[in-house]
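Q: Structure incoming, see below.
Any read-out appearing in this document is the output of simple, stated calculations on the displayed coordinates, not a laboratory observation. Because the structure is predicted, anything quoted here is derived from the model rather than measured. Glycine gets a Cβ as well: all are built from the backbone with ideal geometry, and neighbour counts include every protein chain shown.
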Amino acid sequence: MFPALRLSVVLGLALVLASLPACSKKSEKIKIGVVTNCTAEFWSLAEAGANKAAQEADVELQFRQLEKDFDASAQMPIIDSWVKQGVGGIAVSVIDPKNQTEDLTRIAKKVPLITMDNDADQTGRLCYIGIDNYEAGKAVGRLVKKSLPKGGTVAIFIGSTKSANGKARTQGVLDELAGQKDATGTAAAHPTNADLKGKQFGQFFLVDGEAKEDGSPNNAQPLAAAVLARVKGLPDVCLVGLYAYNPPAILEEARSKSMLKDVKIIGFDEAWVTLKGIADGEIVATVVQDPFMYGYKSVEALAAKAKGDDSKLVKEPIPYRVVTKDGGPDETVNGMVVKFPKVADFEAKLRADLASVKK
Amino acid sequence: MTRILGVLGLLVVLYTTLITSHPKAGEPDNLISVANLQGRFGIITLGAALVIIVGGIDLSIGAVVGCSAVLFGVLMNKGVHPFAAVPIVILFGATVGLTNGSLITRLKLQPFLVTLCGMFVFRGFARLLGGTLGQASVIEGHPEYKDPIRTLRHLLIGKDPIDGELIFPAQFILLIVLAGLVGFFLHRTAYGRYWYAIGHSELAAKYAGVNVSRQRVVIYVVCSALAALTGVLLFLDAPSVQSDNAGFSWELYAILGAVLGGCSLRGGEGTAVGMVLGAMVLPVLESLVNFRGDASDVIPVVIGLTLLIGAIVDELIRQRSRIHR
């Protein structure tokens, strides 16, 4: 027994000593926590922006991309542990606004809290950093209408229809297609394929009558494959991916089924594959947020707040942009100036932003 | 004693590292949070460990947790009172266990296969039942359930009924009570001796007059009922549960806890104290990586390597113990 105990103690001590370098990195700097709703390339861009702001403001950053996608029960323990650590501020991409409101309200009373990408406006958060998702959804709807001027078959893919951004984006697309506010569509069979059930929104038939929710990047490709198989052979088909990982998944499946020429793809966010798809003429366009700026502004605002400065809190939605192969002139939509950057220019700027972050 | 020495040493190291990692990490409110998570994982670990002791495996635990959590929300949405919904959900779990156990003992199917199929089936059931459910959405539809839900949350999770602040580790207390019961049956009654005997040698147990099939079915019922109870706890603790994610891969956490706690996957070995200690490891580790502020990309590596080192230390201790015996 005693040799075993000795061995245990020695190894225990060795492990404790091995962990000391990690402890010694502890600093007296203000600590800011940022937690996302899933792990995705989109959030890597936000992380780069957050790192840049942390370097500039000289604060310590803890950036967590949620390992369990869209799982609010996995997100809250991370936030709680930061509150216990006494961080100077927390930015969160809310997963389930309704059910997280109670916890986030409690947290907002203890720590400066801002929401980004996905809002929960009843929590007492200091500000929301993100686009107007409903307007961005309408921009997607306009792109669909432009791609299929005579109407056609549409399928919408999204990670979550429960999140505030998911709901708003989807409703924006549907309202634009139907030409009315709060459109719910009319249940119908497809005009040329009675086996395909869905809903009619104006001139557009929505496959299954609702956005296809995948719940995780891992499910995006199989879901796209299943829908592509069902719409194969139909004319005027447009597939819309509303979360960053959806357009690459649609593109990959359309390519593998040799359907690239048969379908129009419209994306959301700036995944590298999406941008390359636009440059290659395989994707019509993508409506982009600015994840780099989300990360940057979240940390900038919280770092300033921790130092008693409220001036960096964001008061207006961040404008969305529409990236196309050739770009185009600015347009004013509902009083907001919308830019139409050329994909090559947009990608170059994005890479420059990333390169500007010191490792 | 030797069997739990390794996991005890690992826990000492992890707690020491956690407490020295940050001035706030050792404060009671963080330790209560960690204990609560240990309680939740511990309850499924008890079930998994019992199944392992009788020489079986249950891969459906995580899916049963998820399905039960969703079922609990759906029942309340349909107008079932929260106090009535809890036993219904646990009964559902027991039925799952009865089905698993019967398929394994009557049809002589492999436990791995039966429970793997169960994993898919109950995850699918969870999806069919509903997408995302939470206390706020239930209360919105049934405002009269607000007080019963808050009462359950207070009693079973330890959260303040008003603002949801965690004030005591009710899940850990529940684990200790349940572990006490499991320990009593395992170490103080003939049933425990039957279970060890079945795990060591099913044939020998059968010749000794043990009703192997009945005992196995009972264990699977207990395991799935505990998983269902954990589903209820998850619903009461989490802001919301999602049918795709709730309890996802928790069967592996439960099996890991059981093995770290001294259960042999060959069956016939394990103690109630070991089960509790084994289940305590992962939550401390998760709190540690949160407090250290490790980058997202590094966390799975840190967790995996620490558990591997723990397992190696444990094995070395056992080998040395055998040499010195």
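Q: Report the Cα centroid-to-centroid distance between the range A:143-199 and the range B:215-281 in angstrom, as an integer.
A: Taking the Cα centre of each part, the range A:143-199 and the range B:215-281 sit 43 Å apart.
Q: Okay, next question. Taking the alpha-carbon centroid of each part, what is the distance from the range B:99-119 to the range A:58-89 in angstrom?
A: Each part's Cα centre sits 40 Å from the other's.
Q: Only loop residues by DSSP count here, and only those with at most 16 other Cβ atoms within 10 Å; note down the trypsin sites (Lys or Arg not before Pro) in the range A:154-199 that meet that.
A: Taking the range A:154-199 and a limit of 16 other Cβ atoms within 10 Å, the loop trypsin sites (Lys or Arg not before Pro) found are A:Lys181.
Q: Which cross-chain or sequence-distant (5 or more) residues have an amide H under 5 Å from the amide H of A:Glu60, H modelled 1.01 Å from N in plane?
A: A:Ile30, A:Lys31, A:Ile32
Q: Within chain B, how many lysine pairs that are 8 or more places apart, or on different chains, have C-alpha atoms less than 26 Å apart? List each step's numbers first, then the result.
A: Numbers: B:Lys24/B:Lys159; B:Lys78/B:Lys146; B:Lys78/B:Lys159; B:Lys108/B:Lys206; B:Lys146/B:Lys159.
Lysine pairs meeting both conditions in chain B amount to 5.
Q: I'd like the orientation of helix A:41-57 relative to chain A: the angle between its Cα long axis and the longest Cα principal axis, in ° from 0 to 90, rounded to 10.
A: Roughly 40 degrees, rounded to the nearest 10.
Q: Explain nothing, just the number: relative contact order of chain B, from Cα pairs under 8 Å at least 6 residues apart, as a whole percent. If you can, show how the numbers build up before the last one.
A: Details: 582 pairs, mean separation 122.3, N = 325.
That works out to 38 percent.
Q: From the backbone phi of the range B:154-171, what are the Karplus-calculated ³J(HN,Hα) couplings (6.51 cos²θ - 1.76 cosθ + 1.60, θ = phi - 60°) in whole Hz, Gly and Pro given as x?
A: Going residue by residue, I get 5, 6, 9, 10, x, 8, 4, x, 7, 10, x, 5, 6, 10, 8, x, 4, 5 Hz, with x marking Gly and Pro.
Q: Okay, which of the range B:45-63 sit inside 15 Å, backbone N to the point 7 Å along the Cα-Cβ direction of B:Ser249?
A: Flagged as within label range: B:62-63.
Q: Let me ask another. Calculated from DSSP H runs of 4 or more alone, at -39500 (n - 2.57) each and per residue, what is the 222 nm mean residue ellipticity of chain B, nearest 500?
A: The helix contribution divided over chain B gives -25500 deg cm²/dmol.
Q: Given the options A:Thr332, A:Thr286, A:Thr184, state which has the largest fluctuation in a GNM of chain A using a 10 Å cut-off (strictly under) for Cα springs.
A: Result for chain A, Cα springs under 10 Å: A:Thr332 fluctuates most.
Q: Through the Karplus equation 6.51 cos²θ - 1.76 cosθ + 1.60, θ set to phi - 60°, convert the phi angles of the range A:247-261 into ³J(HN,Hα) values in whole Hz; use x for Gly and Pro.
A: x, x, 5, 5, 4, 4, 6, 5, 5, 5, 9, 6, 10, 4, 7
Q: Once you have a ≥ b ≥ c as the square roots of the Cα gyration tensor eigenvalues for the range A:126-238, tell me rounded if a/c is under 1.5, and otherwise prolate or oblate according to whether a/b is larger than b/c.
A: Taking the square roots of the gyration eigenvalues as a ≥ b ≥ c, the range A:126-238 is oblate.
Q: Could you tell me which residue out of A:Phe292, A:Gln55, A:Ala348 lies farthest along the dipole of chain A toward its positive end? Charges go on the beta carbon: Lys and Arg +1, Asp and Glu -1, centred on the Cα centre.
A: Checking the options against the dipole of chain A, the answer is A:Gln55.
Q: Say we join alpha carbon atoms closer than 10 Å with springs in a Gaussian network model of chain A; which of A:Ala224, A:Ala285, A:Ala194 then has the biggest fluctuation?
A: So, out of A:Ala224, A:Ala285, A:Ala194, the one fluctuating most is A:Ala194.
Q: Then there's this: Go ahead and estimate [θ] at 222 nm for chain A from helices alone: -39,500 (n - 2.57) per DSSP H run with n ≥ 4, summed, over the residue count, rounded to 500.
A: Taking each H run of at least 4 residues, the total per residue is -14500 deg cm²/dmol.
Q: A follow-up question, please. Once amide H atoms are built 1.01 Å from N in the peptide plane, which residues 5 or more positions from A:Val338, or in another chain, come under 5 Å H to H?
A: The list, which skips near neighbours in sequence, is A:Glu331, A:Thr332, A:Val333.
Q: Sticking with this one: Per-residue counts of other Cβ atoms within 10 Å, averaged by peptide: what ranking do you get for A:251-261, B:48-58, highest first?
A: B:48-58, A:251-261
Q: So what J values fall out for the range A:338-353 if you push phi through Karplus, 6.51 cos²θ - 1.76 cosθ + 1.60 with θ = phi - 60°, rounded to Hz, Gly and Pro as x?
A: 9, 8, 10, x, 6, 4, 5, 5, 4, 5, 4, 5, 4, 5, 5, 4
Q: Where the only charges are on Cβ atoms (+1 Lys, Arg; -1 Asp, Glu), what is the dipole of the range A:69-159 about its Cα centre, to the nearest 20 debye?
A: Numbers: 11 positive and 11 negative charges, 82 e Å.
Result for the range A:69-159 is approximately 400 debye, rounded to the nearest 20.
Q: Can you tell me, using C-alpha contacts under 8 Å and at least 6 residues apart, the relative contact order of the range B:77-180 as a whole percent?
A: 20
Q: Let me check against my output: what whole-number percent is the relative contact order of chain A, with C-alpha pairs under 8 Å and at least 6 apart?
A: 18
Q: Grab the other residues whose beta carbon is less than 14 angstrom from that of B:Ile32, score K and R as +1, D and E as -1, and report the net.
A: -2
Q: Let me ask another. Show which lysines lie in cross-link reach of A:Lys342 when reach means a straight Cα distance below 16 angstrom and same-chain residues fewer than eight apart are skipped.
A: Within reach: A:Lys276, A:Lys325.
Q: Something else now. Check which residues have an amide H placed less than 5 Å from A:Asn118's amide H, if you skip close sequence neighbours.
A: A:Val94
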